[in-house]
Every structure is written in C-alpha cells, then in structure tokens.
Amino acid sequence: MREMDQGVQIPPKLLSSIFLAKEEIDKASNIRVISHYDADGISSAAILCALLNRAGKTFQISMIKGLTDEIVADSDDSDLLILSDMGSSNLDALEKLNCRVVVLDHHKPLRDSEKVVHVNPHLSDIDGMTSACGASICMLLAVNTDEKNWDLLPIAFGGIAGDRQTIKGLSGVNIWLFEEGLKRGITEAVPGSLVPSGNLVDAIASSTEPYLIGLSGDKDAVRTFLIDAGLPINSDYASLNDEMKMKLSSLIALKLISQGTPLETMEEVVRDRYYFKSVDMEAEMMSSLLNACGRTGQEGMGVSLALGDKSAMASAMELRNEYGSELLSSLNDLSQNGITKLNNIQYFYNTKSGLSGILCGITMQYFGDADKATLALSESDDKTKMKISSRGTFPVLDLGVDLAEALRETSAQVNGFGGGHRIAAGATIPIGEDKKFLELLDVKIGEQKKAKSEETTSK
C-alpha cells in the first residue's frame, strides 16, 4: 500500500481493482476504449492510448458525449471493453455483454459489480468529485503497469484541472500523483495571480478566469483601463516591477469586488498552479486546450496533442482562441442581459451546448448569485430534447445541495434522466418540459437545503 500526502493511503480495494484491470489488459488482444469528450475524458483516453500502445496491444478508441445501451451493445465484439470517465451508471447494460469489461470512472456509482472490473474511487471512500477524476484513475493504472508511464503525468493533470479538482488544493489520489511527480522532477507548484500571464492587453481582454465585466473581450477598454492606472500597455505581468504588480492586482481585485465576485472565487484564481517542464505548460493550459478540442468535436486532435503531436498542438491553440472568443461573446451577452433567478436556482438558455458547463461556472462565480445553483439549457440537435448542465459552489454544497441527486430525481419526474457529481451534474429531458423541470428542481433543492438546516439545528 502506497502512502499519500498527509498520511492518506491508497486503499487496498482501489489498488486491487487497478491490478485486476491490468490483468484484463494483459490477457486481451483486441481492445475497445470508450471515453468522454471533455478534458478529463480526452486525458483519460490519451493515457490509455499510450499505455496500450507501449504494451503492444491492438485497440480502438472512441470519444462520445454520453454512454447509451446502444453504444454498449455495439462493443460486444471486442475481447475487452474499457470505459474511462464513464460507465459506473451503466453497470446493468455492461454486465450483459459477452466481452470482458473494465470501468475506470469517478462519478458516484449506485452500486458495485461482481461481473465488471469496476475501478471507482467512491468505492474506496475517496471523493471522485474532488480527489480523483477519470484521468487520475487511468494514471494510477498506467504507473502500476509500467514505471516508465510517469511521463504521462502532464496529461493526467490536464484532466484533473479540467474537472476543477485543483481549485481547493489537491487531495486523495491527485495529491499522491503530484507528490510522486515532484520526487521525479516532473512537476512543480507555482503561485497563481489575479492577472493572467502574457501581454497585459491581450491577456486581460481574453481572460475568463477571472472574468472582468467591461474588460474581458474588449481590448480598447483594457488599454484605457491600463493607461488610466499609469501602467504600460505593451508589457506582460512578469516584467512589471513589484509596485506595478501590486497596483494592477489591487485594481483587478477591486473590479471583481465591484461586480459582486465572492472572495472565495478570487482565492481560487490565485491558487497554486501545477507546471510541467517536459511540456513547458501549466495544467490549466493543457486543460484549456483539451477542452477546446472536445467542445468543438475535435477529440482526436486533443488525444494527439496530449501525446506530444506538435501540429496538433498548433491547431489546438487556434481552436482554443476561437473557443475563447465564442465563450467571451456568450459571457458578455449573459452579463448584459442577465439570467433568470428562482428561489434556489438561476438559469439561462444557451444555443451553444458545448459551452454550457463552463458558462454556468463562470456566470455563477463572477456575476450571478454564488449561493444559487446555476443551470444552462440547450436544445438537442434534433430539437426533441433539452440538454441541461448545472454547476454549484462548495458553499452551496455546504447548504446541503446535491446536484446529481436533484437532477436525477427531478428529470425522472418529466420522463428524462440525469446525474453526475454533487457540484456538477447534467440532465436530458423531453422538449417542452423545461418549465416544469425548473419548478420541480427549485423545490427539490429547497428541500435539500431545509433538510440540511434541520439536521444542523438538531445537533
């Protein structure tokens, strides 16, 4: 059993399931891998791709938005099916397959399985929302397969950052991976800043974290802001003297306070960042590139860049810039037009479903109500369903809110389905049921808060 930071250990059950997964890979000759299309899923897929390639295995990788029984059934002609960043909620269908199955997931499962090799941190009392993502689990498998796979750690941290498991500091499997990487000279922690890196005008104008109303997305406004402050417009933050750095940081902090940004959000922005020498990149940048690939339907490019393809990296940089422009445009629209608020939730409609999750998070943290769960609703391509993304904050969770439970139960009441994490969840409902769903969800979250309050009072 390997020790983790702060006396935490990888539980024997988790290590045992990792070794069972390794054994299944060793036995297989024809492997099908299915992974999620977001940064965590792409990171997971890239790690598995490297692992399998180095092991001399024949394999096929697919990236999907969501796992269905039909997709599961189509995978039955392989020796081994590996699911990464998904699968824990599909055990019933997976257990019916004739092929062997390995699930490498971190979403909260409803149960374990005796037929499927089910690797999930929740089954070992490790929180898959904060302390281990899909890429973390795949990385744990990789380094227990071959010590040489430690070079894949920057990829894993792209997924860890993508699932926002860095914002409160590392814990669980994630901190163990970091500490082991630190010992090997692979990574280091560097302090964050309210001021984005790069040329001041370009960096502030393109910034979404922090998102600055009136500055983000407007280079002319940024130039005026800097000139009025007596700061240079052709420098980057690193080249400023200490007095200028302090002045700019203070001005941005005041700007954020004036737009209602909670102190907790600002503290998250200045958190430690995780830098990888081998790729000359912080985890957040890797995450941003992978996310841009996934959200624009270029998941394969994301896997390629994660594995070091320079042409894929250049293309992904372009995608990131385009994705960032779309994101800023949507954020500016939302900040100007506002969002609809109910008693316990706030929501908006969004035509670009690929942006929904990140729009929820930024809206809630920078100009919405940070004490209300935030939802984005988008029509499906075939106009028959409504896709819903939701995000919360840790203070919202402290009030008793569990978005996974709330969306799962409420969507079922309107003949839909949903799930995810307590702090980030999604749902799909029939078109035209959105008003009823929102009303039911608002009531459900109110009930969760009331139950928590009564529990606290009784103690």
Problem set entry | Residue selected from the range 27-73 under the condition surrounded by fewer than 19 Cβ atoms within 10 Å (Cβ to Cβ) and small (Gly, Ala, Ser), by the criterion modelled with the lowest pLDDT | Ala73
Exercise. So which residues in the range 234-253 are over 16 Å from Gly198 (Cα atoms), in contact (Cβ under 8 Å) with a residue 40 or more places away in the chain and among the charged types (D, E, K, R), if there are any at all?
Worked result: none
Problem set entry | Subset of the range 246-282 [under 30 Å from Asp151 (Cβ atoms) and in a helix (DSSP H, G or I)] | Glu268, Val269
Problem set entry | Whichever residue in the range 323-379 is among the charged types (D, E, K, R) and under 22 Å from Glu439 (Cβ atoms) and, among such residues, is farthest from the chain's Cα centre (by Cα) | Lys341
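Among residues belonging to the range 314-368 that are outside any helix (DSSP H, G or I) and aromatic (Phe, Trp, Tyr), point out the one that is farthest from Gln298 (Cα to Cα).
The qualifying residue farthest from Gln298 (Cα to Cα) is Phe367.
Tell me the residue from Leu104, Leu97 that is in contact (Cβ under 8 Å) with a residue 12 or more places away in the chain and under 21 Å from the mean Cα position of the chain (by Cα), please.
Just a single option satisfies the conditions, and that option is Leu104.
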Exercise. Take the residues of the range 370-380 that are hydroxyl-bearing (Ser, Thr, Tyr) and surrounded by fewer than 22 Cβ atoms within 10 Å (Cβ to Cβ): which is farthest from Asp442 (Cα to Cα)?
Worked result: Ser380
Exercise. Got a sec? Which of Ser235, Ser207, Ser216 is among the hydroxyl-bearing types (Ser, Thr, Tyr) and either surrounded by fewer than 19 Cβ atoms within 10 Å (Cβ to Cβ) or at positive phi (or both)?
Worked result: Ser235
Exercise. Looking at this structure, is Lys383 buried (at least 20 other Cβ atoms within 10 Å of the Cβ) and basic (Lys, Arg)?
Worked result: no
Exercise. Within the range 389-424, how many residues turn out to be out of contact with any His (no Cβ under 7 Å at 6 or more places or on another chain), under 24 Å from Pro262 (Cβ atoms) and either at pLDDT below 95 or not hydrophobic (A, V, I, L, M, F, W, C) (or both)?
Worked result: 16
Exercise. Where residues in the range 3-26 are at pLDDT 95 or above and not aliphatic (A, V, I, L, M), which of them is farthest from Lys115 (Cα to Cα)?
Worked result: Asp26
Seminar exercise, completed: Per the filter on the range 419-459, residues in a helix (DSSP H, G or I), basic (Lys, Arg) and closer than 20 Å to Asp371 by Cα are Lys444, Lys449, Lys450, Lys452
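The values are calculated or read from the model by the stated rules, or taken from the named source; none is laboratory data. In this text the structure is predicted, and so the values were computed from the model without any measurement. Cβ: placed from backbone, ideal geometry, glycine included. Neighbour counts: every protein chain shown.
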